[in-house]
1. Within the range 333-388, report the trypsin sites (Lys or Arg not before Pro) that DSSP leaves as loop and that have at most 14 other Cβ atoms within 10 Å.
2. Please find the FRET efficiency linking Ala68 to Glu548, where r is the Cβ-Cβ separation and R0 is fixed at 60 Å, and quote it to the nearest 0.05.
3. How much net charge surrounds Lys238 when only the other residues with a Cβ under 14 Å from the Cβ of Lys238 are counted, with Lys and Arg +1 and Asp and Glu -1?
4. Using the crude model of +1 on Lys and Arg Cβ and -1 on Asp and Glu Cβ, and no other charge, please compute the dipole size for the chain relative to its Cα centre, in debye to 20.
5. Anything over 21 Å Cα to Cα? Flag those among Lys378/Lys551; Lys197/Lys241; Lys197/Lys238, in the order listed.
6. Could you order peptides 491-502, 12-23 by the average number of other Cβ atoms within 10 Å of their residues, highest first?
7. Output the peptides 434-441, 458-465 sorted from most to least packed, where packing is the average of other Cβ atoms within 10 Å over each peptide's residues.
8. Stokes-Einstein at 25 °C, 0.890 mPa s, Kirkwood radius from Cα pairs: D for the chain in µm² s⁻¹?
Amino acid sequence: MSGAATSYGLLWRLLRVARPSVGQLGAAATMALVSAAGTLCFPLLARRVVDQLAAGKTDALSIGLLAAILVGAALASALSAYLLACVGHGLVARLRAMLVDKLLKLPVAAFDQDSTGERVSRVLSDCDAISELATKQAVNLLTGVLLLSGSVGVLLMLDVRLTLTLLGCVAGAFCVVIPLALLLEGLARSTQDRTAKLGGILTHVFSEIRLVKAFTAEGRERARSAEEIEELRRLGLKASKINAALEPVIGLALTAAIIVILVYGTGRVSSGAISIGTLTAFILYIFNVAAPLIQLTNFAAELQKARGASSRIGALLDEREEEQGAARAACDAQDGTLEFRGVSFAYPGQERRVLDGLDLAFRPGTTTALVGASGNGKTTILSLIERFYQPSEGELLYGGVPIGQLGLADWRGKIGYVAQGAPVMPGSVRANITYGLPGLYTDAMVLAAADKAGALAFIEQMPQGLDTLLIEQGNNLSGGQRQRIAIARMFLRNPAILILDEATSNLDSETEHQVKTALEALMQGRTNIVVAHRLATVVHADCIYFLEGGKVSGAGNHHELISSHPYYARLVARQFQNVSERPAMHG
Ligand SMILES: Nc1ncnc2c1ncn2[C@@H]1O[C@H](COP(=O)(O)OP(=O)(O)OP(=O)(O)O)[C@@H](O)[C@H]1O
């Protein structure tokens, strides 16, 4: 299939799934046709009235009819515009909801690219282009064709020579106008792309504003945006130049057409070939011919825009979704050992293996620690457990069943992950503690969980307690408070597999003790996986995996590793001698 056919096919596919209301669209088209018919009749009636006036007669009925047609056409046009807006807004809303749904179903890997934010906002605004084409432009095409063919038909009946003169004038004018209009459309598209790019850059900058300010990188960011802003200025200026030229060109062309028709037409009136009313009708029909031609030019431009938009949306809709797995439920924690068997992994699009033939076992009722210098794949192991990525080789088994065969939601429901940064979502403290949990929780249950996590005291001190709103990224909470909210969530979630990414690293010693006690209670009977940055955290683990270069270079409990793994023994000696040497782990 050719590229053009594919993009038209995509456009059609999107229109079908967005289901514009056929009833409303039909009513809008009918109203637009009524308005076009009124516009078409108006010059003919005006001709009659003018001829009557020229003959010294006044016909109240004709004048009344003329006024009624004018008002009726205007009302029908307004109603059509309103109905089209209704259809358009509904269509955009459905397309956007569909895209958001799709985005939520994409795997984590789809969001690893740098331009994700820009792509998402671009695609969401692309919906407008599809809606514009399906509603306003489709009806414009219909009325445009009707008005143009109707007008030309009527004019030919009135006077063939004058009609050909008129068409020649209008065609000449459009030879200049159409290229300018298409150029303008291209510029509008480039402007949209650049605006989306600038939006992407600024979203990044402001979500990491602390980093920018801490490193006094305002100048660098200003320069980065300045490039886009300058390009937008250049595009805007170009568009303004064309716009500035376009209006006078259209004005001049129409005036020239009127003059030609007047000069030529007056001669025809003098010779008695046509009446003065017919000449008036001709002048009025100039607009009936010019307006649809402008509409058709717009339609061509909007069609190009919608094709571009639909190919971007189509590409997103065709992206592979996260595998949901079979409906098979995961087994219970008691018999569910989580195993990595010969697991290797390279991030999508990269050759380097971050994990290389790993064999790991995480047993129920035990705590397993992952230890290793920074960048050795600890977080990657957690991502594979969460099924954010698929292993390149080997498999993960739970209770002997490959985890890919388990229902994804069921599987993730078994895991509780307390991430290092403990991100929070915008919303109340209550909404954050119960985030993603099915069922209803009473305040008493939420507060009991907060109490166990050592979060009760600071929640009670907040102005609205559980109803206090946490702003974006939880900036009105300290790191330790965010972590305790995340831990409280775990108490309610009650997961079979508990992943702690050094969950107590952000707490002061008093709270740390409190949370550790609570965590110990929480960890009872679960499969606990701890990513440790401080060796003190792993001393009591049942098993420690020491990761180096994507492989396990040592496994065993603390004492076993001290005797079998010289590097581990050296780190322990150094860290327990001098706590300040902790960063050695992050070598
Ligand atoms: N989304 C990604 N795309 C490509 N490479 C990645 C991605 N995430 C991590 N990596 C790379 O994979 C390697 C392992 O990263 P990982 O985050 O698993 O290490 P880590 O042991 O958890 O480090 P740390 O202790 O600093 O958190 C690193 O070299 C990192 O650059």
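Just so you know, all these numbers are worked out from the coordinates, no wet-lab data involved. Fair warning: this is a prediction, and the values are worked out from it, not measured in the lab. Positions of Cβ are backbone-derived with ideal geometry, glycine not excepted, and every protein chain shown enters the neighbour counts.
1. On the way: sites: Arg341, Arg352, Arg353, Lys378, Arg387; in loops: Arg352, Arg353, Arg387.
In loop regions of the range 333-388 (DSSP not H, G, I, E or B), the sparsely surrounded trypsin sites (Lys or Arg not before Pro) are Arg352.
2. Numbers: r = 88 Å, r/R0 = 1.47.
It comes to 0.10.
3. On the way: positive: Arg189, Arg194, Arg233, Arg234, Lys241; negative: Glu185, Glu230, Glu231.
So the environment of Lys238 carries a net charge of +2.
4. Values: 53 positive and 51 negative charges, 308 e Å.
Value, rounded to 20: 1480 debye.
5. Details: Lys378/Lys551 11 Å; Lys197/Lys241 24 Å; Lys197/Lys238 19 Å.
Pairs exceeding 21 Å: Lys197/Lys241.
6. Working: 491-502: 20.7, 12-23: 14.2.
Order by mean packing, descending: 491-502, 12-23.
7. Values: 434-441: 12.1, 458-465: 13.9.
Order by mean packing, descending: 458-465, 434-441.
8. Numbers: Rh = 30.1 Å.
For these conditions, the coefficient is 81 µm²/s.
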